[in-house]
Amino acid sequence: MLSDRGGAELGFAEAGHSGLGPAVLSELPVRDELADRTLIEVPIPTLTLERNLHACWRPHHRFTPPARHFLEIAADNARDGYRARTA
């Protein structure tokens, strides 16, 4: 959360909308705003952002075979130090 000068608390997307300043956001939550051009993307080719992702589930959860396979691939890639690359 960010606060504007009037003390209002804003989420990051709202901060971008309000003119408070630029924001770094995941694409998914703002895809509609990008599509209707109420927010614009500014590519920064020299910037690489990374974040840790976590898989969580309840104890004793039974995964479907595709879900188990996905988690095995993710775990193998994490152990191998895989870094996603975009074209």
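Read the figures in this text as sums done on the coordinates, not as results from a lab. These numbers were taken from a predicted model, which means no experiment stands behind them. Positions of Cβ are backbone-derived with ideal geometry, glycine not excepted, and every protein chain shown enters the neighbour counts.
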Worksheet entry | Nitroxide proxy distance, nm - points 7 Å out along Cα→Cβ at Leu34 and Asn52 | 2.6 nm
Worksheet item: Taking a point 7 angstrom from the Cα of Ser26 along the C-beta vector, which residues in the range 54-74 have backbone N less than 11 Å away?
Response: 54
